[in-house]
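Student: Here it is: the structure, laid out below.
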Amino acid sequence: MEHEIPVEIIHEVMVARGALTNAEQRALVMDLREIAKVAPPFSPMTGWGKPMSVKITAAGRFCWFSDRKGYRYIEAHPQTGNPFPPIPPLALAVWERFESRVPPDCCLINYYGEGARMGLHQDRDEADFGFPVVSISLGDPGLFRIGGVERKSPTRSFWLESGDAMALQAETRLAHHGIDRIKFGESALLPKGGRLNLTLRRVAPA
Ligand code: SIN
Ligand code: FE2
């Protein structure tokens, strides 16, 4: 990542538009394809026993997981039992733009197909909220909604486009957030359409 990444603040969130060039986006998608071969994407169950509309997998030590027993981080793929592959260097480089003290130990990979969404939630299963959650968007635009620490706080939304990076940190680290919808088929990055979102996190204490 040789080029400067200008960071703007949108609704209190640090957003780096175009953090990845088109060539970097294509290279990262190739890395993610290799990861999906050894750690196949799956749809976790919600607490209500319905499968989530996004498919997830991960790179790094941890993968977020959910079933009727609740939410937690796991260290082995639920189907293969194998550890998750290493986090791609391009994703690590984006993390370092926001957080240089520790490396991430989880890169959650969400795939949104046509009609997929993610309800409002907090990311609060990590040991230390002093470290950010850094997200990278690839493919079709996603309408990102952000509220406050309280679930009932007012929310606002903005579109995340392919190549954008974002960090939830400081006052937004525990803010409720989600994806209302995607513009399926708008981007040509993924041959079958859809949106990939990477969230880099530090799960274990530093
Ligand atoms: C998430 O909150 O885990 C994903 C957010 C996104 O897809 O941008
Ligand atoms: Fe999240």
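Student: How many residues does region 29-42 hold that are part of a helix (DSSP H, G or I), open to solvent by 20 Å² or more (accessible area, probe 1.4 Å) and not charged (D, E, K, R)?
Tutor: 3
Student: It is to be established whether one or more residues within region 74-92 are touching a strand residue (DSSP E or B) at 6+ places or on another chain (Cβ under 8 Å), within 13 Å of ligand 2 (Cβ to nearest atom) and under 25 Å from VAL13 (Cα atoms).
Tutor: No: region 74-92 contains no residue that is touching a strand residue (DSSP E or B) at 6+ places or on another chain (Cβ under 8 Å), within 13 Å of ligand 2 (Cβ to nearest atom) and under 25 Å from VAL13 (Cα atoms).
Student: Keeping to region 177-194, report how many residues are within 14 Å of ligand 2 (Cβ to nearest atom) and either surrounded by 20 or more Cβ atoms within 10 Å (Cβ to Cβ) or among the basic types (Lys, Arg) (or both).
Tutor: 2
Student: Okay, next question. What is the one condition in (1) open to solvent by less than 60 Å² (accessible area, probe 1.4 Å); (2) within 17 Å of VAL134 (Cα to Cα); (3) not in a helix (DSSP H, G or I) that GLN25 does not satisfy?
Tutor: (3)
Student: Condition check: within 30 Å of PRO6 (Cβ to Cβ) and charged (D, E, K, R). Does ASP67 satisfy that?
Tutor: no
Student: Being hydrophobic (A, V, I, L, M, F, W, C), over 14 Å from GLY60 (Cβ atoms), open to solvent by 20 Å² or more (accessible area, probe 1.4 Å) and not in a loop (DSSP other than H, G, I, E, B) is the filter here; which residues of region 87-146 pass it?
Tutor: Matches in region 87-146: ALA93, PHE98, MET118, LEU120.
Student: Can you name the residue in region 144-191 that is more than 11 Å from ligand 1 (Cβ to nearest atom) and of a type in the set (Asp, Glu) and, of all such residues, is modelled with the lowest pLDDT?
Tutor: If we take residues in region 144-191 being more than 11 Å from ligand 1 (Cβ to nearest atom) and of a type in the set (Asp, Glu), then GLU171 is modelled with the lowest pLDDT.
Student: Can PRO51 be described as within 15 Å of ligand 1 (Cβ to nearest atom) and either over 23 Å from ARG181 (Cα atoms) or free of Cβ contacts under 8 Å to residues at least 24 places away in the same chain (or both)?
Tutor: For PRO51, the condition - within 15 Å of ligand 1 (Cβ to nearest atom) and either over 23 Å from ARG181 (Cα atoms) or free of Cβ contacts under 8 Å to residues at least 24 places away in the same chain (or both) - is not met.
Student: Where the second residue is open to solvent by 50 Å² or more (accessible area, probe 1.4 Å) and part of a strand (DSSP E or B) and the first is within 9 Å of ARG17 (Cβ to Cβ) and lies in region 154-166, which pairs have Cβ atoms under 9 Å and are six or more apart or on separate chains?
Tutor: Pairs found: ALA165/MET14.
Student: Right, another one. Kindly indicate which of MET52, MET14 is surrounded by 15 or more Cβ atoms within 10 Å (Cβ to Cβ), more than 20 Å from LEU189 (Cα to Cα) and touching a Phe, Trp or Tyr at 6+ places or on another chain (Cβ under 8 Å).
Tutor: Among MET52, MET14, only MET14 is surrounded by 15 or more Cβ atoms within 10 Å (Cβ to Cβ), more than 20 Å from LEU189 (Cα to Cα) and touching a Phe, Trp or Tyr at 6+ places or on another chain (Cβ under 8 Å).
Student: Separate question: Out of all the residues in region 43-58, is one or more over 26 Å from VAL149 (Cα atoms) and either in a helix (DSSP H, G or I) or among the acidic types (Asp, Glu) (or both)?
Tutor: no
The values are calculated or read from the model by the stated rules, or taken from the named source; none is laboratory data. Every value quoted in this text rests on a predicted model; they were computed, and no experiment measured them. Positions of Cβ are backbone-derived with ideal geometry, glycine not excepted, and every protein chain shown enters the neighbour counts. Accessible surface is based on the protein model in full, side chains and every heavy atom, while ligands, DNA and RNA are left aside. Shrake-Rupley method; radii C 1.70, N 1.55, O 1.52, S 1.80 Å.
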